[in-house]
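Working notes, beginning with the structure itself.
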Amino acid sequence: MKANQVNSNLMRILQDNKNSDSGMSMDFRYIKIVNGFRHLVPISVYDNIAPLIELTTRIGETGIYTSHPLIGYSLTSGTTGVPRYIPCTQKHIEDFQREFLSIIEKGRTMLLLESLPKDTKFVDNVYLDSISGILLQSLKKKMKWHNIVNPEPLVYISEHMDSEYLRAFFALRDATIIQIFSPFSWGVVNFFDCIRKNWDKLLDDIRKGSIDPSVKLPEELGNELKKYIKPAPERAENLKALYHDGFFAGAWVEKVWPDMKRIIAGGGGSFSIYSRRMQRNLGKIVHNYGLYASSEGVIGCAVKDGTDLYRIADSSLFLEFIPVNENSDVSLLADELEPGKYYRVIVTNNAGLYRYNIGDVIKVIDMKDGIPYFKIAYRKEASVLIEDVVITEENIFDAICKMEDKFEILIADYSFGSENNKCKIFLEPEAYDSNIQKLNNIPLEEIAKFMKGVLLKDQAETDCEVYISQEQTQLLYRDLRRYREITALDQIKPVHVLDNPVKEKFFTRMVEG
């Protein structure tokens, strides 16, 4: 344990915030080494900082947890559905700016992210947005629009709306796209689904240079978009000529965008199922796992195209890691981690989060020159306990992959929970006729028995039950959450663990009879 180590990022954060209320109460000015920081500052979670954020948002107090002016609150709910406001400062957002600008420098880019309308302003004169929106707002004067497919009004939207159809329209119309950038692979899969479901209507609109009246388009936005919407009959005919039965079941993306090189999207952990599903449609186009980032900061960068392996990012954060399933809460630094082990991620940043447990668990795969190479495993709360066996999203995804290979069926999504010492798994199959027919010929008891063997191994007293959900069950639940939480489409994370009666009731109702 490098108790006496001096970390430059940590010292800079402490020096910057030593005069904040938190900095004075925890004696930041006297901390000179990492061990002093560990000793004086406890591990925190959102419930610890929520009262402080309440003081700033409702009363207007400043300088409580950071000395920096706030430029926004990032609205996030993780997988819990409970809104959280994460403070952001200019210094905090600089890591995001650097990485984002380096991505769009690579060529013509379709963005699957947007800024929320500025309709929630707190008494401290700071707006609520998603972390993507705060990033985009901070770059409004620096954006290189010649590299962006999305029209500016569709990036900085002024009213809450469903922008998926409009995104699909502008993307399909443009044959020169080099890459798609999305915070998560789930957003890419849903984008592809929107194109599949609206193919004929989209081609008709591209041909005419119009937006179908069935698309709910705010009047102001419609007027702003008129100059961007022009007839493209040749493009529409070229796309029409590509279509055939089974088109969307194969590698159709490289046919629609022949210049496409990569999809950049976070795809590990909760999003692994969508990355696997997305890859079926890409052909030779590569998936770059992009950034391992959250509202709290940029934590990792993809090692290279085509792998879910990350390395620690060169960012302004101070990171600690607590071993999972060990009888110790003592944190480790990045160069002290061991391959094959799991760790909880603890973040300290410039925006007022100190030793903050973000809830993610990573698995270290390799160490090179003191730098960990790791995969995102799961979120701490995204697990269930059956008997003495902890089942995580990582375990379920592994079982689904093995089940797909054995039975030659394709799964689009899933959720799981526990009841009476049983693992209940809800599988949403890919909605292709041939896939559904294969699934209908396999007894669910046989699938359940196989998945139990993968998940529970020799736990003979426990059991698995498998249910088949209707098409786009998870997508419907996402849309319900989006309007309930009033958050950005690209920031909602999937709900895989049914950890309360409301979630379980919804997914149970969506089971096919």
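The values are calculated or read from the model by the stated rules, or taken from the named source; none is laboratory data. Keep in mind it's a predicted model, so treat the numbers as computed, not measured. Positions of Cβ are generated from backbone atoms using ideal geometry, with glycine treated the same way; all protein chains shown enter the neighbour counts. Keep in mind that these areas ignore ligands, DNA and RNA; they rest on the heavy atoms of the full protein, side chains included. Shrake-Rupley method; radii C 1.70, N 1.55, O 1.52, S 1.80 Å.
Tell me which residues come under 5 Å, amide H to amide H, from Cys423 once H is placed; ignore anything under 5 positions away on its chain.
Asp463, Cys464, Glu465
Which of rounded, prolate, oblate describes region 365-406, given a ≥ b ≥ c as roots of the alpha-carbon gyration tensor eigenvalues and a/c under 1.5 marking rounded, otherwise prolate only if a/b is larger than b/c?
Oblate, since a/c reaches 1.5 and b/c is not below a/b.
Would you mind checking which residues have amide H under 5 Å from Phe184's amide H? H placed 1.01 Å from N; only 5 or more apart, or other chain.
Gly266
Per residue, what volume in Å³ does the Cα convex hull of region 59-139 take up?
Each residue corresponds to 114 Å³ of Cα convex hull volume.
If you average the sequence gap of Cα pairs under 8 Å that are 6 or more apart and divide by the length of the chain, what percent do you get for the contact order?
Values: 939 pairs, mean separation 67.3, N = 513.
Computed value for the chain: 13 percent relative contact order.
For region 201-208, in order, what is each residue's ³J(HN,Hα) by Karplus, 6.51 cos²θ - 1.76 cosθ + 1.60 with θ = phi - 60°, in whole Hz (x at glycine and Pro)?
Taking θ as phi minus 60°, the curve returns 5, 5, 5, 5, 5, 5, 4, 8 Hz for region 201-208.
For Ile442 and Asp329, what is the calculated FRET efficiency with R₀ set at 45 Å and r taken between the beta-carbons, to the nearest 0.05?
0.50
Which value, in Å², gives the accessible area per residue of the chain when a 1.4 Å probe is used on the protein heavy atoms?
Details: 22130 Å² over 513 residues.
Averaged over the residues of the chain, the accessible area is 43 Å².
Please give the contour-minus-distance gain from Ala241 to Glu338: 0.36 nm per residue of separation, less the Cα-Cα distance, rounded to one decimal in nm.
29.6 nm
Taking every eigenvalue of the Cα gyration tensor of the chain, multiplying by 5 and rooting it, what semi-axes result, largest first, whole Å?
The answer is 37, 31, 21 Å, longest axis first.
Using 21 Å as the Cα-Cα cut-off, could you pick out the over-long pairs in Lys106/Lys144; Lys106/Lys140; Lys255/Lys304; Lys121/Lys216? All intermediate terms of the calculation are to be shown ahead of the outcome.
Numbers: Lys106/Lys144 11 Å; Lys106/Lys140 19 Å; Lys255/Lys304 24 Å; Lys121/Lys216 26 Å.
The answer is Lys255/Lys304; Lys121/Lys216.
Just the accessible area for Phe191, please: 1.4 Å probe, Å², rounded to the nearest 10?
10
Report ³J(HN,Hα) in whole Hz for each residue of region 51-58, in order, from the Karplus equation J = 6.51 cos²θ - 1.76 cosθ + 1.60 where θ = phi - 60°; Gly and Pro get x.
Coupling constants for region 51-58: x, 6, 5, 4, 5, 7, 6, 9 Hz.
When the helix-only estimate is applied to the chain (DSSP H runs of n ≥ 4, each -39,500 (n - 2.57), divided by the residue count), what is the mean residue ellipticity at 222 nm, nearest 500 deg cm²/dmol?
Estimated from H runs of four or more residues: -10000 deg cm²/dmol.
Viscosity 1.567 mPa s, temperature 4 °C: give me the Stokes-Einstein translational D for region 292-345 in µm²/s, with Rh taken as the Kirkwood radius over C-alpha pairs.
Using the Kirkwood radius from Cα pairs, D works out to 105 µm²/s.
Determine the dipole magnitude for the chain: charges of +1 sit on the beta-carbon of Lys and Arg, -1 on that of Asp and Glu, nothing else is charged, the reference point is the Cα centre, and the result goes in debye to the nearest 20.
Magnitude of the dipole: close to 1380 debye.
Antiparallel as a % of all DSSP beta bridges within region 56-128, to the nearest 5?
90
Rounded to the nearest angstrom and ordered from largest down, what semi-axes does the equivalent ellipsoid of region 380-513 get from its C-alpha gyration tensor (root of 5λ)?
Over the Cα atoms of region 380-513, the semi-axes work out to 23, 20, 13 Å.
Once neighbouring chains are kept in place and the probe is 1.4 Å, which whole percent of the accessible area of the chain is contributed by carbon and sulfur?
Carbon and sulfur: 48 percent of the exposed surface of the chain.
Let me make sure I get this right: for region 268-418, a, b and c are the square roots of the gyration tensor eigenvalues over alpha carbons, sorted descending. Under 1.5 in a/c it's rounded, otherwise prolate if a/b > b/c, else oblate. Which is it?
It is oblate, given that a/c is not under 1.5 and a/b is not larger than b/c.
Once the mean 1/r over all distinct Cα pairs of region 315-357 is inverted, what Kirkwood radius in angstroms do you read off?
11.0
Check Ser469: other-chain or 5+ apart residues with amide H under 5 Å from its amide H, H built from backbone geometry?
Those lying under 5 Å, H to H, from Ser469 are Leu427, Glu428, Glu512.
Beyond 31 Å between alpha-carbons counts as too far, so tell me which of Lys452/Lys505; Lys18/Lys375; Lys91/Lys503; Lys375/Lys406; Lys201/Lys375 fall in that bin.
Correct reply: Lys18/Lys375; Lys91/Lys503; Lys201/Lys375.
If you wrap a convex hull around the Cα atoms of region 65-189, how much volume per residue is inside, in Å³?
124
Report, to two decimal places, the Cα Rg of region 1-69 normalised by 2.2 N^0.38 Å (N = number of residues).
Numbers: Rg = 13.0 Å, N = 69, 2.2 N^0.38 = 11.0 Å.
My calculation over the Cα atoms of region 1-69 gives 1.19.
Which three lengths, in whole Å and largest first, does region 161-249 cover when its Cα atoms are put on their principal axes?
37, 32, 26
Give the aspartates and glutamates reachable from Lys227 as a straight Cα distance under 12 Å; neighbours fewer than 8 places away on the same chain don't count.
Glu152
With only alpha-carbon atoms in the gyration tensor, what are the semi-axes of the equivalent ellipsoid for region 350-457, in Å, largest first? Provide the component values of the computation, followed by the final result.
Values: eigenvalues 206, 61, 41 Å².
Equivalent-ellipsoid dimensions as semi-axes: 32, 18, 14 Å.
Residue-wise, which Karplus ³J(HN,Hα) couplings in Hz belong to region 214-224, taking 6.51 cos²θ - 1.76 cosθ + 1.60, θ = phi - 60°, and x for glycine or proline?
Per-residue couplings from phi come out as 5, 7, 6, 10, x, 4, 4, 5, x, 5, 5 Hz.
Roughly what % antiparallel, to the nearest 5, for the DSSP beta bridges in the chain?
70
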